[in-house]
Amino acid sequence: MAYIAASQINTNNVTCFLKALDTSYSYNDRSIKWYYDSVYKGTSYLNAYVASGGHFNATGLNPNTQYAVEAWVYKNSTLIVALSGYVTTAWDWYSPRVAGGNVNLTPNEWIDFCNKINDVRKFYKDNNLKNLDPYPFTQDPNLIAKDKNFYAYIFLQAANAINEINGQVNSACLNVKSWFVSQGNDSIIQPWYFDNLKAALNNAMNSALSQIP
């Protein structure tokens, strides 16, 4: 039975296609109408004799959002089958990280980011790509809370959890030092460090998608 799969996710667009297609179909008259949360996004086409195909890039989406995706497959103008699935766009911070500026990071945003990391780790494990357990992030409301200090070890948890997936975190992000380690010469967590974590996490997810048969 054919089903919907994603081949590439970004913050504002996703490429989906169909897998497990009937390879004996010998005509090029099949089209796919794509819907995201019941909104028509466009049409792609299927070649004959293919096991997968009909790639379509849906644009104008929101980051960090799960969409219900429908693919309506037609032979000429006759509906053959309607397939459904879900896809989630890539992670983006809730506000930009600007060089030289302050980082506005809310407790909920950080917790959401940590949960997203564990979602990707679970995806790797579920698809037998890497045996990754959920990372035990600090989420104590007495520590991850408004007006509380954002300690180096909290940042390092995310950096290490992502780096364990596919090793794309910048070394500067992995070498943030706490006051106790640096003897008062604290590391400065630069705004671009957060964007590096974001990029590494999103790249890890797209790498996983590319490895699934």
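The figures follow:
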| read-out | value |
| --- | --- |
| Residue check for Leu83: surrounded by fewer than 12 Cβ atoms within 10 Å (Cβ to Cβ), touching a Phe, Trp or Tyr at 6+ places or on another chain (Cβ under 8 Å) and in a strand (DSSP E or B) | no |
| Enumeration of residues in segment 76-120 that are in contact (Cβ under 8 Å) with a residue 60 or more places away in the chain, under 30 Å from Tyr25 (Cβ atoms) and of a type in the set (Gly, Ala, Ser) | Ser84, Gly85 |
| Lys122, sole failed condition from (1) farther than 22 Å from Pro134 by Cβ; (2) open to solvent by 90 Å² or more (accessible area, probe 1.4 Å) | (1) |
| Candidates Ile144, Ile111 - the one that is part of a helix (DSSP H, G or I), of a type in the set (A, V, I, L, M, F, W, C) and at pLDDT 90 or above | Ile111 |
| First in segment 150-173 and closer than 19 Å to Pro191 by Cβ, second anywhere and of a type in the set (Asp, Glu), Cβ under 8 Å, 6 or more apart | Ala152/Asp186 |
| Residue match in segment 88-107 (condition: assigned to a strand (DSSP E or B), at pLDDT 95 or above and open to solvent by less than 30 Å² (accessible area, probe 1.4 Å)) | no |
| Among (1) surrounded by 14 or more Cβ atoms within 10 Å (Cβ to Cβ); (2) more than 18 Å from the chain's Cα centre (by Cα); (3) farther than 18 Å from Trp93 by Cα; (4) not hydrophobic (A, V, I, L, M, F, W, C) - the single one Asn163 does not satisfy | (2) |
| Residue within segment 62-75 that is closer than 23 Å to Lys146 by Cα and open to solvent by less than 50 Å² (accessible area, probe 1.4 Å) present | no |
| Answer from Ile165, Ile117, Ile154, Ile144 - the residue that is under 18 Å from Asn64 (Cα atoms) and out of contact with any strand residue (DSSP E or B) (no Cβ under 7 Å at 6 or more places or on another chain) | Ile117 |
| Options Pro141, Pro213; residue that is within 26 Å of Ile4 (Cβ to Cβ) and open to solvent by 40 Å² or more (accessible area, probe 1.4 Å) | Pro213 |
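The values are calculated or read from the model by the stated rules, or taken from the named source; none is laboratory data. This is a predicted model, so every value here is computed, not measured. All Cβ positions, even for glycine, are placed from backbone atoms using ideal geometry, and neighbour counts span all protein chains on display. The accessibility values were calculated without ligands, DNA or RNA, using every heavy atom of the protein model including side chains. Shrake-Rupley method; radii C 1.70, N 1.55, O 1.52, S 1.80 Å.
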